[in-house]
Amino acid sequence: MRNRVLTSSNRKTRGKALVFCAAAITLLLWVLAAAFFLGKGRGYLVLENPKTGKIYQRFPAGIGDGFSVGFIHSINKSPVTDYYEIRSDGIYVVKTVYYGFGAGVQTELEEGQTLSYGEDGSMIITGFEKRIEDLIYFVGTVSDHVLTLPGKDGKATGESQVSLRDLCGRSAMVRFRFEPFSCPRLFGFSRQYLVAECEALTEP
């Protein structure tokens, strides 16, 4: 009689655990579905070492966001800033700003490009619309490379600057790539963890 009572109690406990797990998995599906739609087009601008795969940093970013890398040109010793935009199929260079002609900088316009002048005497080339297959910079040893990230909603207000020399080290190779938010990968991990926990709860 005692064994029957214990067996019945165990069945009720396992039944409650199964109901709880089913509800938890359903809730997880709803939460991850919401995260997928809210995070669509979002992800990270990843800075990594192309040789070792070491991740220097991940910065929140999304499709349509821009960023720039500024440095002192090693040959003509004038400031240069390259501007990029994250798009669905990769990173595009959209503008270059420089302050002096000479070796190592563009001297002729290509089809679709325009040259304008800033109030500070800068020369601004736009109209690139060119996807960069593998965007890599070599961090300077004498002068720094500075990454500028936009503020909230991609606006210049509140933008932040990151010293690549401090972040990655002198003479470091730095690859820039966009890593989209992966809801399926997150779901797979969460689901496996939750199922394992449920199975442990329902074991005799």
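Only the coordinates and a few stated rules stand behind these numbers; no lab work does. Remember, it's a predicted structure, so these values are computed and weren't measured experimentally. Methodologically, a virtual Cβ is constructed for each residue, glycine included, from the backbone with ideal geometry; neighbour enumeration extends over all protein chains shown.
Here the residues ASP120, ASP166, ASP82, ranked from fewest to most Cβ neighbours within 10 Å of their Cβ, fall in the order ASP120, ASP166, ASP82.
Return the FRET efficiency for the residue pair GLU159, ILE63: r is the Cβ-Cβ distance, R0 is 30 Å, and the value is rounded to the nearest 0.05. Don't jump to the answer; show the numbers that get you there.
Values: r = 18 Å, r/R0 = 0.61.
Efficiency, from the Cβ-Cβ distance: 0.95.
Net length available on complete extension from ASP89 to GLU108 is 4.1 nm, with 0.36 nm assigned per residue and the Cα-Cα distance removed.
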